[in-house]
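Everything on this sheet refers to the single structure shown next.
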Amino acid sequence: EYQYIKALHIIFVITWFAGLFYLPRFFIYSREANDKPEPEKTILQKQFSIMAKRLLFGITWPSAVLTLIFGIWLLTSFNTYPIWLILKLGFVVVLLFYHVSLHLIYKQQLKGIYQFSSMQLRIWNELPTVILFAVIFIYLSQKYLSMQQNQALIAELQMEAANTRKVLQRVPLDKNDW
């Protein structure tokens, strides 16, 4: 069952990212159409708005929700949360905020508000790529990160054991006869 849930999680991560990669392109095109003469401006903006709506509500939001559902399901298989997983979840939170920001830009553009330039939107469009790289490299380095975490835990336990030995050495022999 775990492998099926993991496969579904990965599939919906991919479709979510597809939406996050492509949606800002509609915002860019719509922003650039805003500078065109009528009727070209209205025709293009109407078409981009329809396409953005279909992508946002037909693919991107459902994929995000299903990614989270299957991701939470997978989280239940962990007894403890290793450092790599905590880092990954931090990037997922950033990605959710990014997704919501795209939704807000979509709502603004529907009202004819173009707060950002084409160049600003192009730069903003790069954020999910950075997050994707980070999450993949964190996932792939999980064994190394877990090993580092384990080494830190072992060092802490060794230090505690040494402190305990020092305390026990100070106890008179007739008192440690338990």
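The values are calculated or read from the model by the stated rules, or taken from the named source; none is laboratory data. Note that the structure is a prediction, hence the values are computed from the model and not measured. As a convention, Cβ positions derive from the backbone with ideal geometry for all residues, glycine included, and neighbour counts pool all protein chains shown. Areas reflect the complete protein model, heavy atoms only, side chains present, ligands, DNA and RNA absent. Shrake-Rupley method; radii C 1.70, N 1.55, O 1.52, S 1.80 Å.
List of remarks:
- Working note: Cα atoms of the chain, range along each principal axis, descending, whole Å: 98, 36, 24.
- Residue-level accessible surface for L68, protein heavy atoms, 1.4 Å, Å²: 60 Å²
- Shown for the chain are the DSSP H helices of 30 Å or more along their axis, judged by Cα atoms, with a mean Kyte-Doolittle hydropathy of at least 0.0: 2-33, 83-110.
- Over the chain, accessible surface divided per residue gives 67 Å², non-protein components excluded, 1.4 Å probe.
- Other residues whose C-beta falls under 11 angstrom from the C-beta of P82 contribute a net charge of +2, scoring Lys and Arg +1 and Asp and Glu -1.
- Where E32, E156 fall by accessible area, highest first, once all protein chains stay in place (1.4 Å): E156, E32
- Highest-fluctuation residue, A134, A155, A18 considered, GNM on the chain with Cα pairs under 10 Å: A155
- Heavy atoms of T164: accessible area, 1.4 Å probe, square angstrom to 10: 70 Å²
- Sulfur and carbon atoms: percent of accessible area, the chain [1.4 Å]: 68 percent
- For the chain, built as a Gaussian network whose Cα springs stay under 10 Å, the top-fluctuating residue of K111, K143, K46: K111
- Relative compactness, the range 55-114, computed as alpha-carbon Rg over 2.2 N^0.38 Å: 1.44
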